[in-house]
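In what follows, a single structure is set out as structure tokens and then discussed.
The values are calculated or read from the model by the stated rules, or taken from the named source; none is laboratory data. Since the structure is predicted, the reported quantities are computational estimates derived from the model, not experimental observations. Counting neighbours? That spans all protein chains shown, and the Cβs are built from the backbone with ideal geometry, glycine included.
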Amino acid sequence: MSDVPAITVTKVSKQFDNIEVLRDINLTVNKGEVVSILGSSGSGKSTLLRCMNWLEQPDRGTIHIGTEQIGINAQTRQPMSNKQLARVRERVGMVFQSFNLWPHLTVQQNVTEALLYVKKLPRDEAQQLATQHLEKVGMLDKQHNYPITLSGGQKQRVAIARSLAMSPEVLLFDEPTSALDPERVGEVLAVMKQLSQEGYTMVVVTHEMEFARAVSDQVVFLEKGKLIEQAPPEEFFTRPKSERVQQFLQTVRQ
Ligand code: ADP
Ligand code: MG
């Protein structure tokens, strides 16, 4: 079992308004790996990530979380019910660019909400998990604050704690630092780096090249919905095969 990948994307294609935004994507994310997804705006990065927890449905192809195919009931081969989907989604945490914290709940309540009402844990257990994960991201001292009192970097760390507290097998990050003031980027990347060192499996859409280079096990590059390059970071950043990636790296280095 241990060598079953955390996520297997097989021949995934997706159209919006007759435009192919994902074309025949194959990608394997092994357990404990960090995979960074790079590419210019509109290349399909968010769509691919959102397919991995069925926020978007591919038109063709399959996605497995461990051995389970997401979206399709294994017995009936019919679409999963919302309840089944919710259960699979618990295994795949998502962190968004825009944090998506509840404004009317405190930091602690933001973390315990899904533990209480989705996982249906007893309150003391939910609070214990919240404490543990807020401590991990350095936000325990703000547990009684409301999101509006926090900086963007602090909000994102709370959003990460909220995801972690659900004990997902994989964490998906969609440009987690893109909405932040430059001086707040580092604290979020530091948390993500720490998670990677603890062995979390992570898929990260990012424009932070240094982070991708230092933390990833694999880097993939999307161009117009096609996965055109995939390599370990050393190779990707020093010896990219495609001209498109060479050009991209030159532009971002300028
Ligand atoms: P990226 O994250 O790389 O910037 P996206 O996956 O968000 O790219 O988008 C890929 C393409 O799909 C873009 O052309 C975008 O406009 C289009 N797109 C994304 N989501 C939708 C949607 N819900 N409806 C229609 N078009 C969409
Ligand atoms: Mg995007």
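So here's what we get for this one:
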item	result
Qualifying position, being charged (D, E, K, R) and under 27 Å from residue 206 (Cβ atoms), among 77, 123, 50	50
Single residue of 62, 47, 106 found to be at pLDDT 95 or above, more than 30 Å from residue 209 (Cβ to Cβ) and in contact with a strand residue (DSSP E or B) (Cβ under 9 Å, 6 or more places away or on another chain)	62
Number of the exception - residue 239 against (1) without any contact (Cβ under 8 Å) to a residue 60 or more places away in the chain; (2) under 28 Å from residue 167 (Cα atoms)	(2)
Members of segment 101-128 found to be within 13 Å of residue 160 (Cα to Cα), hydrophobic (A, V, I, L, M, F, W, C) and in a helix (DSSP H, G or I), listed by number	107, 111
Every residue from segment 3-55 that is loosely packed, with under 14 Cβ neighbours inside 10 Å, of a type in the set (S, T, N, Q) and out of contact with any Lys or Arg (no Cβ under 7 Å at 6 or more places or on another chain)	18, 41
Sole residue being touching a helix residue (DSSP H, G or I) at 6+ places or on another chain (Cβ under 6 Å), more than 16 Å from ligand 2 (Cβ to nearest atom) and outside any helix (DSSP H, G or I), chosen from 93, 61, 32	93
Unmet requirement for residue 177, which otherwise passes all of (1) of a type outside the set (Asp, Glu); (2) crowded, with 21+ Cβ neighbours inside 10 Å; (3) more than 16 Å from the chain's Cα centre (by Cα); (4) farther than 30 Å from residue 121 by Cα	(3)
Set 32, 66, 42: member being more than 19 Å from residue 220 (Cα to Cα) and small (Gly, Ala, Ser)	66
Only listed residue being within 16 Å of ligand 2 (Cβ to nearest atom) and farther than 26 Å from residue 161 by Cβ, chosen from 43, 81	43
First in segment 19-34 and at positive phi and in the same structural domain as residue 45 (by TED's automatic domain parsing), second anywhere and surrounded by fewer than 21 Cβ atoms within 10 Å (Cβ to Cβ) and not in a loop (DSSP other than H, G, I, E, B), Cβ under 6 Å, 6 or more apart	24/11; 24/13
Some residue of segment 105-127 being small (Gly, Ala, Ser) and within 16 Å of ligand 1 (Cβ to nearest atom)	no
First in segment 220-236 and over 16 Å from residue 49 (Cβ atoms), second anywhere and of a type in the set (Phe, Trp, Tyr) and surrounded by 18 or more Cβ atoms within 10 Å (Cβ to Cβ), Cβ under 8 Å, 6 or more apart	228/221; 229/221; 229/236; 236/221
Residue that is farthest from residue 7 (Cα to Cα) [pool: residues in segment 199-208 that are touching a helix residue (DSSP H, G or I) at 6+ places or on another chain (Cβ under 9 Å) and more than 16 Å from ligand 1 (Cβ to nearest atom)]	200
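The rows are residues; the columns are (1) in contact with a Gly (Cβ under 6 Å, 6 or more places away or on another chain); (2) modelled with pLDDT of 95 or more; (3) away from ligand 1 (no atom under 16 Å from the Cβ).
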site	(1), (2), (3)
159	no, yes, yes
163	yes, yes, yes
167	no, yes, yes
171	yes, yes, yes
177	no, yes, no
182	no, no, yes
187	yes, yes, yes
190	no, yes, yes
194	no, yes, yes
